[in-house]
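The values are calculated or read from the model by the stated rules, or taken from the named source; none is laboratory data. Quick caveat: nothing in here was measured; it's all calculated off a predicted structure. Here Cβ is always computed from backbone atoms with ideal geometry, including for glycine, and neighbour counts include all displayed protein chains. Surface accessibility is based on the protein's heavy atoms, side chains included, excluding ligands, DNA and RNA. Shrake-Rupley method; radii C 1.70, N 1.55, O 1.52, S 1.80 Å.
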Amino acid sequence: MSKSNFYNLTLLIFLCLVFPACTATSQVSNTAKTESPDATRFEAEIKKINKIRFDNNQDRIVFTGSSSIRFWLDVQERYPTHQVIQTGFGGSEMSDLLHYLEETVLRFKPAQVFIYEGDNDVNSKRPTATIMENTRKVVGKIHQKFPDCEIVLISAKPSIARWSLKPQYDAINAEFKKYAEAEAKISYANVWDIMLDEKGEVLKDIFIQDGLHMNKKGYDLWDKIIQPMVGIPEGWQPLFNGKNFDGFEQLNGEAIYKVEDQQMVGYTTPNTPNSFMATKKDYGDFILEFEVKADNAINSGVQFRSLSIPEYNKGRIHGYQCEIESSARKWAGGIYDEARRAWLYPLTRNEKGRQAFITGDWNHYRIEAIGSDIRTWINGIQCANLVDDMTAEGLIGFQVHGIYQKSQEGTQVKWRNIKIKTTDLETTRKKVDPNVPVFSYLNNQLTEAEKRAGWRLLWDGKTTNGWRGAKSASFPEKGWTMEDGVLKVQKSDGRESRNGGDIITEKLYSNFELSVDFKLTEGANSGIKYFVDPNLLKVKGSAIGLEFQILDDYGHPDAKQGKNGNRTVGSLYDLIRAQSFTPRKSKNFKGLSQWNNARIVVKGGKVEHWLNHTKVVEFDRFSQMFLALVEKSKYENWENFGRLSEGHILLQDHGDEVSFRNIKIREF
């Protein structure tokens, strides 16, 4: 006996023994029935469904509905890379599914649900409007609990036993299709057409003897429609086919990549640089989703909008990378600018995001790159909310990081279920978590989110409006330039305020958050001061105030003066040394000739310094400890130093070339 015949015989025997009433067309009156049947008739089947166990660490795809689902015996075998949960119960209608939705769908927390109902509803003479009302209730309950769940409505199928009801089936299928087209995260799977012959008649050889339930040939036809939609909702495309590396090329390093169990698997290899399995095609705006599992302590990532061109570092890939890691710093999901600007979005201000990655298990990633907005999620938790416009399109590459220890050789990173969407993106965007801060790298511009949060530009990028000399009523006539959105203090003799002099804001500030991008030249010294009173210092020199130090730590002698490094970049000058508050030892300085970000937060007495989104200083300016530090510093003779209720903000002229831009502030 062939496998196909065995399949058909097994199904027929099962049907006859368990559901004899389902093997023929029900004898009903022609009167439309609006009342729902008694759903409790399925209690025995639901008890069996309640015993189904599943893996929480892998996305669940639920197939539910009436007997056409119940008797799809090989549905899991057909989609082996997914966790398929089959909860069909024979003879059910849409109202029955609604009644048992918790047991058949919701408890599995599905990423995708395939629903086959309507067949028995039509046979029971339920009005189309009633079926659709129950359908909307089912969909509404699923999306109320799981807003991102993709729902596929499978059309009612034609059958020999119920061919006389074709007009009613046409009506409900048209409504299913219309509903799916009008709503987000709902798709329509048309299995009706593929089950007809060239004359539009139902195929006869795809059913078992009852003329209602399908044999293997019938499910093979369904598979042609369903398979492209499993794990890949409408509008999405697989980026990796699970069979080979067609459409990809390996760039830079020589790590080993293999296809195993429909997964892309990378093996670390010693003495070779970072390796990338990269798309041959470039992508601009898109939403990318994939699952990844990495061996413990491995570092990896996925490049996007990245470039590999001969004139840049001999073809080295450079551009945005979504981080994959399991180190103590927990920055998985952050955005790193590979071989270019380093960290753009560390997770230093997103504790919830830091906990999203599960070490040793499969993790679901989502990357949205739409215009200048770049956002990431891991396991449904938002990690990054970046705004940057440096690169609009480029390749997507799956990284195996270079290793330098023999013990790390052969460690693995695996990717699966890699899919991409490049059209109709606005309707598919996820809701932004308001607690995840926006890091914007736009030059002298505010995003709409920043405006709503109360930010404003402290320098407009063009004029001297809002600024003046620290010791004059007007802006300095020399020593400062404004060009291409950059405010630059010019190099002179390296002494304080001897050329153009310091500049200060016209307005006074007390409680605020200040963000300033700065770029140092070799050996340069400058600073950002706050709570400045320009009248305190009557002699030559820089005005007095608390100072975020800006310094070339390796090229300027001031770095070795003071005490214990309290005059290095990011420090509270001459008082508190800058050091990382994260497990990452570095304070995240990007180096000379690179733009770095200074952030100062003042709330009452509490003050923080952040360097490139890494906190490096924290103190209370009204505490005894702060007073003790002042008494042992160069400021000991300044009464009430650092304790003013309000003051100016100052950019320092220390006689070295230093550039500033993106100067913005919000007040509390």
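Here are a few things to note about the model shown:
- Considering residues of the range 164-182 that are modelled with pLDDT under 95 and of a type in the set (A, V, I, L, M) only, the residue farthest from F114 (Cα to Cα): A182
- Filtering the range 308-342 to residues that are in a strand (DSSP E or B), surrounded by 19 or more Cβ atoms within 10 Å (Cβ to Cβ) and either out of contact with any Phe, Trp or Tyr (no Cβ under 8 Å at 6 or more places or on another chain) or hydrophobic (A, V, I, L, M, F, W, C) (or both) leaves C322, I324, I335.
- The condition (being in contact with an Asp or Glu (Cβ under 6 Å, 6 or more places away or on another chain) and of a type in the set (A, V, I, L, M)) is satisfied by just one residue among L106, L97: L97.
- Here the range 614-655 is the region considered, the condition is being in contact with a Ser or Thr (Cβ under 7 Å, 6 or more places away or on another chain) and closer than 30 Å to Y345 by Cβ, and the residue that is surrounded by the fewest Cβ atoms within 10 Å (Cβ to Cβ) is K615.
- On the stretch given as the range 60-89, residues that are within 30 Å of G360 (Cβ to Cβ) and in contact with a Lys or Arg (Cβ under 9 Å, 6 or more places away or on another chain) total 8.
- Every pair of residues 6+ apart whose Cβ atoms lie under 6 Å, when the first sits in the range 610-628 and is in contact (Cβ under 8 Å) with a residue 40 or more places away in the chain while the second is assigned to a helix (DSSP H, G or I): H613/T348; T614/T348; F619/F626
- Residue check, G562 open to solvent by 20 Å² or more (accessible area, probe 1.4 Å), within 24 Å of K632 (Cα to Cα) and not charged (D, E, K, R): yes
- Those residues of the range 356-365 which are open to solvent by less than 10 Å² (accessible area, probe 1.4 Å) and touching an Asp or Glu at 6+ places or on another chain (Cβ under 9 Å), in sequence order: N363, Y365
- Annotation: of all residues in the range 97-137 being in contact with a Gly (Cβ under 9 Å, 6 or more places away or on another chain) and of a type in the set (D, E), the one that is nearest to F42 (Cα to Cα) is E117.
- Residues that are small (G, A, S) and open to solvent by 20 Å² or more (accessible area, probe 1.4 Å) were ranked within the range 224-247; the one that is farthest from R78 (Cα to Cα) is G247.
- Checked against (1) open to solvent by 10 Å² or more (accessible area, probe 1.4 Å); (2) over 15 Å from L251 (Cβ atoms); (3) in a helix (DSSP H, G or I), G353 meets all criteria but (1).
- Those residues of the range 359-372 which are at pLDDT below 95 and part of a loop (DSSP other than H, G, I, E, B), in sequence order: T359, G360, D361, W362
- Within the range 537-558, residues that are in a strand (DSSP E or B) have Cβ atoms under 6 Å from residues that are at pLDDT 95 or above and among the aromatic types (F, W, Y) in these pairs: G545/Y530; G545/F531; L546/Y530; L546/F531; E547/Y573; Q549/Y573; I550/F518, counting only partners at least 6 apart in sequence or on another chain.
- Some residue of the range 248-269 being open to solvent by less than 40 Å² (accessible area, probe 1.4 Å) and without any contact (Cβ under 8 Å) to a residue 60 or more places away in the chain: yes
- So L446, is it assigned to a strand (DSSP E or B), touching a residue at least 24 places away in the same chain (Cβ under 8 Å) and surrounded by 15 or more Cβ atoms within 10 Å (Cβ to Cβ): no
- Among the numbered conditions (1) open to solvent by less than 40 Å² (accessible area, probe 1.4 Å); (2) under 40 Å from the mean Cα position of the chain (by Cα); (3) closer than 27 Å to K488 by Cβ; (4) not hydroxyl-bearing (S, T, Y), the only one that L592 does not meet is (1).
- Qualifying residue in the range 273-296 (condition: of a type in the set (S, T, N, Q), within 23 Å of N56 (Cβ to Cβ) and surrounded by fewer than 21 Cβ atoms within 10 Å (Cβ to Cβ)): yes
- Listed by position, the strands (runs of 3 or more DSSP E) enclosed by the range 455-513 that each have at least 2 residues that are open to solvent by less than 30 Å² (accessible area, probe 1.4 Å) and under 13 Å from I649 (Cα atoms) are 467-469, 503-505.
- Residue in the range 565-587 that is least open to solvent (accessible area, probe 1.4 Å), counting only those that are charged (D, E, K, R) and modelled with pLDDT under 95: K587
- Contact map, the range 336-348: residues that are more than 19 Å from F398 (Cα to Cα) paired with residues that are of a type in the set (A, V, I, L, M) and open to solvent by 30 Å² or more (accessible area, probe 1.4 Å), Cβ distance under 9 Å, separation 6+ or inter-chain. Pairs shown: R341/M390.
- Residues that are among the β-branched types (V, I, T) and at pLDDT 95 or above, drawn from the range 387-419: V387, T391, I396, V400, V413
Matching residues to (1) of a type outside the set (F, W, Y); (2) modelled with pLDDT of 95 or more:
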site	(1), (2)
E254	yes, yes
E260	yes, no
T279	yes, yes
F286	no, yes
I298	yes, no
G301	yes, yes
